[in-house]
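A short worksheet on the structure shown next.
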Amino acid sequence: MRPIKKNGVRIDDSFAEAFPMRGTAILITAPTRRWSRQAATTMTGFATSVIGCGCEAGIDCERPSNSTPDGRPGVRVLIFAMSSDGLQAQLINRAGQCVLTSPGSACFADLDGADRLPIGNDLRYFGDGWQVSKKFGDRHFWRIPVMDGEFLCEATTGLTKKAVGGGNLLIMGANQETTMRAAEQAVAAMNEVEDVILPFPGGIVRSGSKVGSKYKTMMASTNDAYCPTLRGAVATSLDADIGCVLEIVIDGLTEESVGEAMRAGLAAIIKLGPEHGAVRVGAGNYGGKLGPFHYHLKDLLP
Amino acid sequence: MKPFAFVLREEPEQRLDLAPLVPHLLNGKAAKDIALIELQTTRERVTVGDIFKIRSGSTDAIYFEGGSERFDNIGRELKGGEIVVDGDCGKSPGRKMAAGSLIVSGSCGPYAGSAMSGGRLEIGGHAGSFLGAPADGEMEGMTGGVIIVRGDAGDRAGDRLRRGTIVIEGSAGNYPGSRMIAGTLVVIKNCGALPGYLMRRGTIALANPPDIPPTFIECGIHELVFANLFARLLSPESRAAAKLFSRPLARYAGDMAALGKGEILLPA
């Protein structure tokens, strides 16, 4: 496998293997930008991986007050899970515990589609009989009296069964500092792409995993082939000039949006170059047999 | 596409039932068959051809050139498409309409939008009494859609309103929103006595309120997110209504003589 070189950065002839997921989007508004961000951040906390968190969630983008339904600053949140039921449970728990509770918040649907997930339709019972239904055109809202006024929540939001989870880039550099710089610039570029989130802390994961373990109870364990400290001890995937690997994982509402995000991230890494950033970029897969979506790095180059 | 036009020849001599002249009943009919449709409400037979000159076109859009306060039941049970009346009409325009658009440029009689369940009814002039109300014996009035009245409305506008939005840009008569079950009623100019009489749930917003009825209880002044939202949703339909909803509103809960889960909102 001879790597492709772009601006001195080696690009593996490899692909990211991604999986179908269920996804949804909501818009959270609040009296100020700070509080809309606060509600969204709280709602998307502890949502890095479906395995341990039940869902993967993150902030897609912010919306200025002139483009939200109630004229207040908003934040768009995306949530992904493996099943519609799982997604529904996570959406209600998170909206109920993190958005309903957040001062001044309101919650709107932000994904069209025939398949719907209830939000306000479930949360309305918090109103204990004082909840008020309001319909206008084909939109349906619930007003739930709370201690700072009313929590306004759209009855349902859209569900897509065509979401894609697990798009990824493996960013390899000489040391933590340069690799982190490349990863951060890639994250910044990918955050500009609509309909995607990067569920891990700050968009970056440092503990990539492989399937299986020597311990019976562990489903997954550290990806030793990419651990720089084990370079001499295991069948490594790393070259002599690599001392640090960071991964970016991408979930998107569509197959195209995940590809777009990977393209944007690659472009940012390549632009930075190997001196101050990554020397090599790869992608994680399971041999192509598990996930139906294959994103080949060579097709995504700038 | 060119609308199917009915051009009024002269003021009819009797009240007419125009319920047959809706898109879903005219669809696929030839103009000469449409001209034979009977419209009389007395023993004297009157056909479409006697009353109107017909200019054929797409039956999805129907245009009445010239109206009359004797035109009853225009747009009855409308299921889609558009009807425009350039003039007045009589009682019950848009009664039981479920979808589509009905626009009356002039004024109309009582029971406009009676028990409608969807679509949009706009009346450029004044509406009679019982706007959106149920007919005798029915349990609920309007259950969906939007009614916009640019002029005044008579007594008991929004009687037994269940769902949907009514905006009266002029004044309303007595008892607006009587027996409301839910839904939203907005009155921009003056409003007669006892708004929300025996209302159970729902919202009545009054820009220029009369004395608040004694069975409504003050709940303070609030800036409701829902009001902001409705201001934006209503702004394409009525700027005056949008302006009312974008101000801080005093909330009065009632009617405590009934269920008491409704509200009257006034500019604070």
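Residues that are in contact with a Cys (Cβ under 9 Å, 6 or more places away or on another chain), part of a strand (DSSP E or B), buried (at least 22 other Cβ atoms within 10 Å of the Cβ) and away from chain B (no Cβ under 13 Å) are absent from region A:85-94. The single residue among A:Ala267, A:Ala189 that is touching a helix residue (DSSP H, G or I) at 6+ places or on another chain (Cβ under 7 Å), surrounded by fewer than 20 Cβ atoms within 10 Å (Cβ to Cβ), farther than 30 Å from A:Met43 by Cβ and assigned by TED's automatic domain parsing to the domain that holds A:Gly8 turns out to be A:Ala267. Residues in region B:204-226 that are at the interface with chain A (Cβ under 10 Å from one of its Cβ atoms) and outside any strand (DSSP E or B) were compared, and the one that is surrounded by the most Cβ atoms within 10 Å (Cβ to Cβ) is B:Val225.
Residue selection: A:Asn121 fails the criterion of being assigned to a strand (DSSP E or B), away from every other protein chain (no Cβ under 14 Å) and of a type outside the set (Phe, Trp, Tyr). Taking the criterion of being small (Gly, Ala, Ser), without any contact (Cβ under 8 Å) to a residue 60 or more places away in the chain and surrounded by 21 or more Cβ atoms within 10 Å (Cβ to Cβ), the only residue of region A:107-124 that qualifies is A:Gly120.
Regarding B:Arg179, is this residue away from every other protein chain (no Cβ under 13 Å) and either part of a loop (DSSP other than H, G, I, E, B) or at pLDDT below 95 (or both)? Yes, satisfied. All of (1) out of contact with any Cys (no Cβ under 6 Å at 6 or more places or on another chain); (2) closer than 16 Å to B:Val225 by Cα; (3) at the interface with another protein chain (Cβ under 10 Å from one of its Cβ atoms) hold for A:Trp142 with one exception: (1). Among the residues making up region B:227-243, those that are within 20 Å of the chain's Cα centre (by Cα) and either touching a residue at least 24 places away in the same chain (Cβ under 8 Å) or crowded, with 16+ Cβ neighbours inside 10 Å (or both) are B:Phe230, B:Ala231, B:Leu233, B:Leu234, B:Glu237, B:Ser238, B:Ala240, B:Ala241, B:Ala242. Just one of the listed residues (A:Gly127, A:Gly137, A:Gly71, A:Gly104) is more than 30 Å from B:Leu121 (Cβ to Cβ), within 14 Å of chain B (Cβ to nearest Cβ), of a type outside the set (S, T, N, Q) and without any contact (Cβ under 8 Å) to a residue 60 or more places away in the chain, namely A:Gly127. Residues that are of a type in the set (Gly, Ala, Ser) and either in contact with a Ser or Thr (Cβ under 6 Å, 6 or more places away or on another chain) or more than 13 Å from chain A (Cβ to nearest Cβ) (or both) within region B:184-203 comprise B:Gly192, B:Ala193, B:Gly196, listed in sequence order.
Does A:Cys61 meet the test of being within 13 Å of the chain's Cα centre (by Cα), surrounded by fewer than 19 Cβ atoms within 10 Å (Cβ to Cβ) and closer than 29 Å to A:Thr179 by Cα? So A:Cys61 passes the test.
Among the residues making up region A:35-53, those that are small (Gly, Ala, Ser) and modelled with pLDDT under 95 are A:Ser49, A:Gly52. No other residue among B:Leu259, B:Leu229, B:Leu244 is closer than 26 Å to B:Gly151 by Cα and more than 8 Å from every other protein chain (Cβ to nearest Cβ) apart from B:Leu244.
The single condition among (1) in contact with a helix residue (DSSP H, G or I) (Cβ under 9 Å, 6 or more places away or on another chain); (2) among the polar types (S, T, N, Q); (3) touching a residue at least 40 places away in the same chain (Cβ under 8 Å); (4) surrounded by fewer than 19 Cβ atoms within 10 Å (Cβ to Cβ) that B:Ser246 does not meet is (3).
The values are calculated or read from the model by the stated rules, or taken from the named source; none is laboratory data. Everything numeric in this text was worked out from a predicted model, so none of it was measured. Here Cβ is always computed from backbone atoms with ideal geometry, including for glycine, and neighbour counts include all displayed protein chains.
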